[in-house]
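The values are calculated or read from the model by the stated rules, or taken from the named source; none is laboratory data. It should be emphasised that the depicted structure is a prediction, and the values quoted were computed from it without experimental measurement. Don't worry about glycine lacking a Cβ; one is built from the backbone with ideal geometry, like all the others, and counts go over all protein chains shown. These area figures cover heavy atoms from the full protein model, side chains too; ligands, DNA and RNA do not enter into them. Shrake-Rupley method; radii C 1.70, N 1.55, O 1.52, S 1.80 Å.
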Amino acid sequence: MTQELHRPAPVAYSSDEVIRNFTAVLGSYSFIQEMRTLRVGRLQFRRRKKVLREFTALFIALWNLALHKSFPDDAELIFDEFISRLANHCSQSSKNTKLLWQQIQVYQTLLEARKDSDFTEIAAFITGQLETDSTEQLRTKHRLALLIRGAYSIIFDRLI
């Protein structure tokens, strides 16, 4: 008589759990290193707001990438639910929500080619958008690529 091996059933996570977890990670991420790398001071309010929007959009696009890697069958559903909640939560400032959504789409498009293998294209895009000192762009691009890799690792490690 052979003894059957009983394997535990895979644990399924609800979209609510995954979204709640990502929202906590996003809320706890400060983007301080990114601000320093781009030399954005505390009193540069407009530039600071733009950088925060850019990196929030990138963070969300990176999360979508991690979702597709970890939950290939449910990623679109989870992401769409998150975007719907975000739109409902931010309905008072529809202009900011629209700008954020546009930037999320830009980053999703940029991530399509290399996925999580190389973030230099995204870093170059951000540097081109936000960096004013052209002599420092190469150094800034490389630093940002490493910061983006670190952010993706945090998102992926804390996905569930």
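Mind giving me the nanometre distance, one decimal, between the label points for I160 and L77, set 7 Å out from Cα along Cα→Cβ?
Rounded to a tenth, the inter-label distance reads 1.4 nm.
Calculate the all-directions average of the projected area of the stretch 45-158's alpha-carbon convex hull, and give it in nm².
Seen from a random direction, the Cα hull of the stretch 45-158 projects 7.5 nm² on average.
Assuming 0.36 nm per residue, please report the length gained on full extension of the stretch D116 to W101 beyond their Cα-Cα distance.
3.3 nm
Want the number for L43 to S30: 0.36 nm per residue separation, take away the alpha-carbon distance, what's left?
Going from the current span to full extension adds 3.0 nm.
Carbon and sulfur: what percent of the chain's accessible surface (1.4 Å probe)?
Roughly 53 percent, rounded to a whole number.
When ligands, DNA and RNA are left out and all protein chains stay put, how many square angstrom of accessible area per residue does the stretch 45-158 have with a 1.4 Å probe?
Roughly 57 Å² per residue, with all protein chains present.
Hey, got the dipole for the chain? About the Cα centre, +1 on K and R Cβ, -1 on D and E Cβ, debye to the nearest 20?
About 1040 debye.
So for the chain, taking the charge dipole from beta-carbon charges (+1 Lys/Arg, -1 Asp/Glu), which of I126, L38, T56 sits furthest toward the positive end?
The one lying farthest along the dipole's positive direction is L38.
For Cα pairs less than 8 Å apart in space and 6+ apart in sequence, what is the mean separation divided by the residue count of the chain, i.e. the relative contact order in percent?
Computed over the chain, the figure is 34 percent.
Return the tail of the calculated pair distribution for the stretch 68-123, meaning the percent of Cα-Cα pairs more than 18 Å apart.
Cα-Cα pairs of the stretch 68-123 separated by over 18 Å account for 47 percent.
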